[in-house]
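Please read the structure below before turning to the comments.
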Amino acid sequence: MPASTMWILGRNVGTQLALLGLLWGCGSGGNSNTPVTRHTASHKAVSAADARSRNMVGAVADPKGDPVPLQVRFQLRSRPQASQPLDVDLEITPVSGSVDRVSGTLQGEDGLDLVDGTQIAPQDRPPEGVPIEHTVRVLPKRDGIFTLNALVTVDSAGQSTRETYSIPIIAGAGMPDLDKPVTGPASPASGSAPAKASPTHSSATAAAH
């Protein structure tokens, strides 16, 4: 084979190897998964339900009642005001897989009317750790401190247990009278000397004798 032909073949082979190197470099760069890319893809958007759950607080269980495998939390959607409807969101979360059924009712004390959502619909075989969401609308009739009670019934292993959870609601100024100091007749300072008789009284007493 002539030398010129071998030189042309060598040049073509070198050019092809150079092109392959460039293609390999571009391909590996385009398909590379850097840690930053993986980290960005792993983020998940926070749902509205998750955000609401973070703002909820636990309701107070009756210490005299029978404990049930539930967690009850609540959130007020707005500041309670007298004569203004107020929505209260509830989350009833089973903490055991042995719960067969959950149901309940809501009750308000004097001065707190229930407008809507007084019944918690029965839930059969609720999954453990999955909250049951419920909303009740209440109406404070005046300023004051009220209690919304959630009576929750749990059926498990053929037995029915009821627990009462209390939710405080402070409407308007609450109870302003509690902040006022108690006033009354001023009492004499301790250790003060007794009052002396006036000279007129002493003279009258001497004249009488």
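What follows draws every value from the coordinates through simple rules; no lab data is involved. It should be emphasised that the depicted structure is a prediction, and the values quoted were computed from it without experimental measurement. Quick reminder, even Gly has a Cβ in these numbers, built from the backbone with ideal geometry, and neighbours come from all protein chains shown.
Restricting the calculation to alpha carbons of the range 48-178 gives Rg and Dmax of 15.1, 49 angstrom.
The H on the amide N of residue 115, modeled in the peptide plane, is under 5 Å from the matching H of 137, 138, 139, each at least 5 residues off or on a different chain. The simple spin-label model puts a point 7 Å past each Cα toward its Cβ; for residue 82 and residue 54 those points are separated by 3.7 nm. Label positions at residue 96 and residue 124, each projected 7 Å from the Cα along the C-beta direction, are separated by 2.1 nm. Under 5 Å between amide hydrogens, built in the peptide plane, is the criterion, and for residue 120 it picks out 104, 105, 106 among residues at least 5 positions away or on other chains.
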